[in-house]
Amino acid sequence: MTQFLFAAAFAFTAADAKIAYDSASELVERHTPRDSGTLSSARAAAFILDKVSSLGADARMDIFKADTPKGVRYFTNVESDFVSSPDNEWIVFVSHFDTKEGSRCPGANDGASTSGLLIALAGRLFDVRPENTNVRLLWTDGEECFGAYGDNDGLWGSKHAARKLKESGVKVRAVVNLDMLGDRDLKITIPENVHPGFRKGILRIAKRKNVAGKIVAGDDAVIDDHVPFLEAGFKAVNLIDFDFGSKPGLNDYWHTPEDTVDKISEESLLFAGSLAAWIIEGLDRK
């Protein structure tokens, strides 16, 4: 009965979507650029921490240094944990918040939209949390690479977080990376290079909720923040809309000055947040 009550109570609402949208808009307005491993990204991390705290939840900054093609840089991740029992397994939701260096990209969709989504999820989880699962929300710095993704270029925040999570020895049920999900014309793709069983599970959720047309399985591999978690042995999946442009099939807003707040919507964030809630609900039942 308790699980049923949780499932009924834990719903991402229109009010949550407004918090997500407003937080994303404010992040863009106050912290553009917030390029990887810069003072600006550190200030953006502090903004995220303050927004989470304003909703009643606890958050912390994780500052670390890493080698890059431009020398050693300092990066700042933000974490917020929601613990129901120390014996429970964990679900980790990830969003990067940094922008692409040199692109003059505000990153409204690519970074800010899902960062705002996690802020709203923090507020929701502070009010109602799962009974059988602990949840970590993780905002990563350094997702964007300087040149080409490699051992010392890009995904710094997720590499650091995955390594730290592995070393901690905690039991992780799933890692869910969210990226570019504020697009007004939202269509979520789950790329090929994810945990196959988890991908099938999310597609079953979409079918059960009658939204299968908005969540599809992709044929391509995508380099994103889920990859370091996969490589560390975690069951990780990536939810992304990589069709973000002026016409269907184009991605011409990505990493450009056109990635602005007017290109995202509360409606899309409501859908993405609802999907996150459905995933939590489904995993909490097991």
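The values are calculated or read from the model by the stated rules, or taken from the named source; none is laboratory data. Computed from a prediction, not measured in an experiment: that's the story for all the values here. Cβ sites come from the backbone with ideal geometry, for glycine too, and all protein chains shown count toward neighbours. In case anyone asks, the SASA skips ligands and DNA or RNA and just uses the protein heavy atoms, side chains included. Shrake-Rupley method; radii C 1.70, N 1.55, O 1.52, S 1.80 Å.
Filter region 148-182 for residues that are assigned to a loop (DSSP other than H, G, I, E, B) and among the charged types (D, E, K, R); which is surrounded by the most Cβ atoms within 10 Å (Cβ to Cβ)? Lay out the reasoning, then the answer.
Restricting attention to region 148-182, the residues satisfying the condition of being assigned to a loop (DSSP other than H, G, I, E, B) are 148-149, 151-152, 154-155, 169-171, 180-182.
If we keep only those that are among the charged types (D, E, K, R) too, we end up with 151, 171.
Numbers: 151: 8, 171: 10.
Filtering region 148-182 for residues that are assigned to a loop (DSSP other than H, G, I, E, B) and among the charged types (D, E, K, R), the one surrounded by the most Cβ atoms within 10 Å (Cβ to Cβ) comes out as 171.
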(Q) On the basis of being in contact with a Lys or Arg (Cβ under 8 Å, 6 or more places away or on another chain) and either open to solvent by less than 40 Å² (accessible area, probe 1.4 Å) or at positive phi (or both), does residue 240 make the cut? (A) no
Q: Hey, could you check region 86-103 for residues that are among the charged types (D, E, K, R) and surrounded by fewer than 22 Cβ atoms within 10 Å (Cβ to Cβ) and say which is nearest to residue 130 (Cα to Cα)?
A: 89
Q. Which of the residues that make up region 123-141 are part of a loop (DSSP other than H, G, I, E, B) and under 17 Å from residue 49 (Cα atoms)?
A. 141
Q: State whether the residues of region 55-74 include one that is among the charged types (D, E, K, R), touching a residue at least 40 places away in the same chain (Cβ under 8 Å) and out of contact with any strand residue (DSSP E or B) (no Cβ under 7 Å at 6 or more places or on another chain).
A: yes
Q) Would you say residue 262 is in a helix (DSSP H, G or I) and more than 19 Å from residue 177 (Cα to Cα)? A) yes
Q: Being at pLDDT 95 or above, closer than 29 Å to residue 169 by Cβ and open to solvent by 40 Å² or more (accessible area, probe 1.4 Å) narrows it down to one of 67, 62, so name that one.
A: 67
Q.
Looking at (1) surrounded by fewer than 18 Cβ atoms within 10 Å (Cβ to Cβ); (2) of a type in the set (Asp, Glu); (3) assigned to a helix (DSSP H, G or I), which one does residue 281 not meet, given that it meets all the others?
A. (1)
Q: Find the residue count for region 106-147, including only residues that are at pLDDT 95 or above, open to solvent by 30 Å² or more (accessible area, probe 1.4 Å) and out of contact with any strand residue (DSSP E or B) (no Cβ under 9 Å at 6 or more places or on another chain).
A: 1
Q: Report, by residue number, each residue of region 189-244 that is charged (D, E, K, R), assigned to a loop (DSSP other than H, G, I, E, B), in contact (Cβ under 8 Å) with a residue 40 or more places away in the chain and over 13 Å from residue 278 (Cβ atoms).
A: 224, 225, 235, 241, 243
